[in-house]
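Taking it in order: structure first as structure tokens, then the write-up.
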Amino acid sequence: MKKVFLLFFSVFFFSYGQDIAIKTPVVRNLPQSYKQIFLDFFINNFEGVQKYNPEKNFDYIMKPYISSIAGSYNLCIDILKAQKLAHIVCVSAESGEQLADKLISNIPEKINFLHLKREILIKKVNLRLTTSSHNYGKEIKISSHNGDTIVDYKKVIPSSAENTITFDKVIINIDTALLDNRQAAKLMDFVLKGYRIQGILIKKTE
């Protein structure tokens with residue numbers, strides 16, 4: 001019985017007791033405000049992950065690179081062990097919501113030392129946009145000024161809908177709502193925390 005317990009403890013420690021560091025993400029063709037959002041996502045949601053400190057020794061070091069091409073996302077993580085590149089893991093996504101889903105489900109499958117601290121529950125909400133724009137379609141996608149699609153096309157719904165997240169003074173160009181860097185980072189943070197947009201409400205201002 002003692003041997004069985006020691007074996008179990010050893011396997012558990014190997015899987016969950018490792019020191020894992022993450023460096024500040026390198027962000028290309030995206031709002032620089034995303035750096036802290038993605039850094040916090042990994043630190044807050046995965047066991048043993050902490051911000052890189054050059055004065056400490058770590059079992060693994062992760063170096064994320066996040067970029068956007070034609071509105072889509074590409075995220076790659078260099079994984080270093082003993083200061084040497086051991087592995088590279090990449091995921092691509094057409095929207096921020098899809099990227100969040102892949103980070104929650106695919107990344108732990110591809111990186112065996114990453115384990116979620118807790119389940120990230122999906123929460124359905126609506127997005128309320130106040131705007132002086134008058135020309136918009138029946139469906140709208142949400143992008144940053146860099147052109148990345150945080151939320152893909154959603155239907156414009158009646159303004160009486162409840163359970164909303166609000167962004168003010170948004171520019172809407174027919175089918176695209178453009179958020180400034182601060183707003184884009186805020187929405188990306190919501191998405192990484194499990195919020196998913198059901199519909200979009202438009203409130204016109206003069």
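The values are calculated or read from the model by the stated rules, or taken from the named source; none is laboratory data. As the structure is a computational prediction, the values presented were derived from the model and not from experiment. Here the Cβ positions follow ideal geometry from the backbone for every residue, glycine too, while neighbour counts run over all protein chains shown. For accessibility, only protein heavy atoms count, side chains too; no ligands or nucleic acids. Shrake-Rupley method; radii C 1.70, N 1.55, O 1.52, S 1.80 Å.
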- Note on the structure: Checked the stretch 121-206 against the a/c 1.5 cut and the a/b vs b/c comparison, axes a ≥ b ≥ c from its Cα gyration tensor; verdict oblate
- Query: Any idea how far apart residue 47 and residue 118 come out in nm if each label point goes 7 Å out from Cα toward Cβ?
  - Reply: 1.6
- Residue-span extension gain [residue 174 to residue 86] - 0.36 nm each, minus C-alpha spacing: 27.1 nm
- Query: In terms of modelled amide H atoms, which long-range or inter-chain residues lie less than 5 Å from the amide H of residue 147?
  - Reply: none
- Roughly how many whole Å is it from the C-alpha centroid of the stretch 32-110 to that of the stretch 139-189? 25
- Query: Residue by residue, what Karplus-based ³J(HN,Hα) values in Hz, rounded to whole numbers, does the stretch 62-78 have, using 6.51, -1.76 and 1.60 with θ = phi - 60° and x for Gly and Pro?
  - Reply: 10, 10, x, 10, 10, 9, 10, 10, 6, x, 8, 10, 9, 10, 10, 10, 7
- When averaged across all projection directions, what area in nm² does the alpha-carbon convex hull of the chain cover? 13.7
- Query: Each residue of the stretch 124-135 in turn: what ³J(HN,Hα) in whole Hz from Karplus with 6.51, -1.76, 1.60 and θ = phi - 60°, glycine and Pro shown as x?
  - Reply: 7, 9, 10, 10, 9, 10, 9, 8, 9, 6, 10, 10
- Note on the structure: Spelling it out for residue 139: with amide H atoms placed in the peptide plane at 1.01 Å from N, the residues 5 or more places away or on another chain with amide H under 5 Å from its amide H are 156
- Accessible area per residue of the chain at 1.4 Å probe, in Å²? 56
- Query: Assuming R0 = 25 Å, what is the FRET efficiency of residue 74 and residue 155, from their Cβ-Cβ distance, to the nearest 0.05?
  - Reply: 0.35
- By the scheme Lys and Arg +1, Asp and Glu -1, what is the net charge of all other residues having a beta-carbon under 14 Å from that of residue 80? +2
- Query: Check residue 171: other-chain or 5+ apart residues with amide H under 5 Å from its amide H, H built from backbone geometry?
  - Reply: 178
- Calculate how steeply helix 96-110 sits against the longest principal axis of the alpha-carbon atoms of the chain, using the helix alpha-carbon long axis, and give the answer as 0 to 90 degrees to the nearest 10. 10
- Note on the structure: HN-Hα couplings for the stretch 27-41 via Karplus (6.51, -1.76, 1.60; θ = phi - 60°), in whole Hz with x for Gly/Pro, come out as 10, 10, 6, 9, x, 5, 5, 5, 3, 5, 4, 6, 4, 4, 4
- Query: Restricting to the chain, what percent of DSSP beta bridges are antiparallel, rounded to 5?
  - Reply: 50
- Task: Would you please name the GluC sites (Glu not before Pro) within the stretch 113-177 that are DSSP coil residues with at most 11 other C-beta atoms within 10 Å of their C-beta?
- Result: 119, 162
